[in-house]
């Protein structure tokens with residue numbers, strides 16, 4: 001079993017919890033596995049090429065952190081939408097506004113809904129984590145406190161809002177199940193990194209806390225943001241200018257935070273273990289212990305991302321590959337005969 005918080009290998013396999021399933025991203029492919037209400041597992045796979053392969057400058061240090069933040073925001077929302085469609089229970093009727101917007105823009109309803117969701121997510125994030133803390137900073141400054149004190153208090157407020165938001169989400173049943181799949185993703189990644197065969201029994205003993213998790217990244221972002229604001233914002237007192245300063249620093253913060261996260265994840269020094277400890281503890285709010293069926297989904301996603309879809313596998317009416325056990329996704333597995341469509 002991997003030691004909690006131990007460094008991960010240089011070849012990174014990423015993942016994401018989705019609606020009743022897991023997405024795994026290998027260097028050249030992405031796979032999503034979802035467990036449907038009938039207990040079957042549907043999986044899809046598509047090729048993936050990192051932006052840095054198409055545009056080498058996007059892989060430069062600091063720049064790659066900004067590129068990763070932007071692409072993962074879009075990619076994460078798209079993946080959640082795909083998993084919901086794969087689950088086969090998406091029956092919400094688009095709103096009149098969404099239909100009107102689709103007609104005006106000449107886009108499909110799905111793309112419009114995804115675009116609206118992304119805009120709302122960005123607006124909510126800016127409001128909660130930039131606008132509100134900046135208002136707190138302004139209030140502290142109005143009380144006669146120093147800029148340093150205001151910046152530190154505003155930073156603490158950001159972190160407290162993040163913690164409160166995660167705790168609140170944990171009380172929502174559907175989100176709590178997603179947190180369990182998040183734990184399944186981490187356990188499976190750890191098991192793969194250890195070189196052990198991917199089985200629910202082998203994955204189960206591993207910790208749900210992984211040093212490369214996005215939750216840890218968020219905490220690093222906030223800490224780096226506080227540090228930079230202490231340097232840049234010493235002579236900025238007006239609310240609007242402090243708000244714009246925090247916005248302008250976002251790319252710099254993202255770039256530095258990404259490099260810090262990667263460095264801490266790949267180092268097993270005592271200093272690295274100490275520095276990544278807070279981020280690991282934050283993951284206790286966004287991961288839960290998964291059951292064996294959730295681990296099976298994560299294993300299927302990992303196997304398919306790394307090795308491809310099993311040969312001669314049956315398909316659903318929508319075209320997804322249909323499995324009934326994680327063993328059917330193992331490398332070299334071949335279905336004896338195609339089964340009828342689900």
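Laboratory data are not the source of any read-out in this text; all were calculated from the coordinates shown. All values reported here derive from a predicted model rather than from experimental measurement. Neighbour counts are summed over all protein chains in view; Cβ atoms, including those assigned to glycine, are modelled from backbone coordinates with ideal geometry.
Annotation: segment 175-281 has a Kirkwood hydrodynamic radius of 15.9 angstrom, from the mean reciprocal C-alpha pair distance. Helix 109-126 against the longest principal axis of the chain: what's the angle in degrees, Cα atoms only, rounded to the nearest 10? That works out to roughly 30 degrees. Helix 270-282: angle to the longest alpha-carbon principal axis of the chain, degrees 0 to 90, nearest 10? The answer is roughly 80 degrees.
Model label sites at residue 169 and residue 277, defined 7 Å from Cα along the beta-carbon direction, differ in position by 2.6 nm. Using C-alpha pairs under 8 Å with a sequence gap of at least 6, the mean separation divided by the residue count of segment 222-340 gives a relative contact order of 16 percent. Sorted on the mean count of surrounding Cβ atoms within 10 Å across their residues, most packed first, peptides 297-309, 140-152, 31-43, 167-179 read 297-309, 31-43, 140-152, 167-179.
Axis angle, to the nearest 10 degrees, between helix 132-142 and the longest C-alpha principal axis of the chain: 10 degrees.
Look at where the Cα atoms of segment 19-46 and of segment 203-282 average out, and the two centres are 29 Å apart.
For the chain, averaging the sequence separation of C-alpha pairs within contact (under 8 Å, six or more residues apart) and dividing by the residue count gives a relative contact order of 27 percent. Could you work out how much longer the chain between residue 54 and residue 267 gets when fully extended? Use 0.36 nm per residue separation minus the Cα distance between them, nm to one decimal. Going from the current span to full extension adds 73.8 nm. Helical content of the chain, expressed as a calculated mean residue ellipticity at 222 nm, amounts to -18500 deg cm²/dmol (DSSP H runs of 4 or more residues, -39,500 (n - 2.57) each, divided by residue number, nearest 500).
The simple Förster model, with R0 at 25 Å and r as the Cβ-Cβ distance, assigns residue 40 and residue 128 a FRET efficiency of 0.05. In angstrom, the C-alpha Rg and Dmax of the chain are 21.7, 77.
What do you get for Rg/Rh over segment 218-342 if you use C-alpha atoms and the Kirkwood form of Rh? Don't jump to the answer; show the numbers that get you there.
Numbers: Rg = 23.3 Å, Rh = 19.1 Å.
For segment 218-342, the value is 1.22.
Binning the C-alpha pair distances of segment 269-342 at 5 Å intervals from 0 yields a P(r) profile of 3, 14, 17, 15, 13, 9, 9, 7, 6, 4, 2, 0 %, listed from the shortest bin outward.
Looking only at the chain, where both bridge partners belong to it, what percent of the DSSP beta bridges are antiparallel (to the nearest 5)? Write down the numbers at each step before the final one.
Working: 21 of 22 bridges.
Counting only bridges with both partners in the chain, antiparallel ones make up about 95 percent.
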